[in-house]
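First comes the structure, then the notes that go with it.
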Amino acid sequence: MKMLSILALGLLLGGCNLASLQGDSGDLKVGQKAPVLATKTLADVGGDLSKITTYRYPDPRMYQYSLDQALKLDKPIVLAFATPAHCTVCDNQLAMLKGLQDKYGNQVIFLHMDEYDNPQAYKAFRVVGDPWTIVIGRKGVVRCVAPGRVLYSELDTAIKDAIAGKTDNAL
């Protein structure tokens, strides 16, 4: 019982990231092409944000594009895998991303994938646990794979590098 309590406490303190217990994101590596797939958009759910995210304070801009559409726009993409309905760290991560989205405006596309509403994206990117943040460059190449909580300054640097066309950022 004591061991179970310690494990539960570790998961709480470490966020909702199960990756450390179950391996990393599989074969997805920096430098590879991002998987191309259709994901739900706000238009797909009739404008009802509750049908696309469990985040309490969603930003509609994060649900404008399907991933396959975003990859065609020749802009860096910040792809956030987070299920805030069961993950406090995810909630905080999405709040931070909203601030970065305000900072970078239309230079970068920010997409949020909630496991309940876009499970195919979790499968395609081989994401286990929450949160994960992936930065994809203009040409659809993965530039950064960050499991767990990411600091603002780390992600800000990765985004600046993606805008500038620099490669191989790893957090």
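Read-outs throughout are calculated quantities, based only on the coordinates presented, and are distinct from any laboratory measurement. Keep in mind that what you see is a predicted model, and the values were worked out from it rather than measured. Don't worry about glycine lacking a Cβ; one is built from the backbone with ideal geometry, like all the others, and counts go over all protein chains shown.
How large is ³J(HN,Hα) for each residue in the stretch 133-149, as worked out from phi by the Karplus curve 6.51 cos²θ - 1.76 cosθ + 1.60 (θ = phi - 60°), to whole Hz, x for Gly and Pro?
Once rounded to whole Hz, the list reads 10, 10, 9, 10, x, 4, 9, x, 9, 5, 10, 7, 10, 10, x, x, 5.
Give the Cα extents of the stretch 19-108 along the principal axes, in whole Å, largest first.
34, 32, 27
Can you quote the Å³ per residue value for the convex hull of the Cα atoms in the stretch 114-171, rounded to an integer?
Hull volume normalised by residue count: 86 Å³.
Which lysines, on any chain, are close to Lys51 with Cα under 21 Å apart, when same-chain ones fewer than 8 places away are left out?
Lys40, Lys98, Lys123
Summing +1 for each Lys or Arg and -1 for each Asp or Glu, what net charge is found among the other residues whose Cβ lies under 11 Å from the Cβ of Ser50?
Result for the neighbourhood of Ser50: -1.
Take each of the peptides 97-103, 71-77, average the number of other beta-carbon atoms within 10 Å over its residues, and list them starting from the highest.
In decreasing order of mean packing, 97-103, 71-77 become 71-77, 97-103.
Mind checking which lysines have their Cα closer than 21 Å to the Cα of Lys166? Skip sequence neighbours fewer than 8 apart in that chain.
Filter leaves Lys29, Lys33, Lys72, Lys75, Lys103, Lys139.
Note down the net charge around Ala82, summing +1 for each Lys or Arg and -1 for each Asp or Glu among other residues with Cβ under 9 Å from its Cβ.
Result for the local shell: -4.
State, to one decimal in nm, how far the label point of Asp68 lies from the label point of Ser50, with both points 7 Å from Cα in the Cβ direction.
Here the modelled spin labels are 3.0 nm apart.
So what J values fall out for the stretch 104-113 if you push phi through Karplus, 6.51 cos²θ - 1.76 cosθ + 1.60 with θ = phi - 60°, rounded to Hz, Gly and Pro as x?
Calculated HN-Hα couplings, in order: 9, x, 8, 6, 9, 9, 9, 10, 10, 10 Hz.
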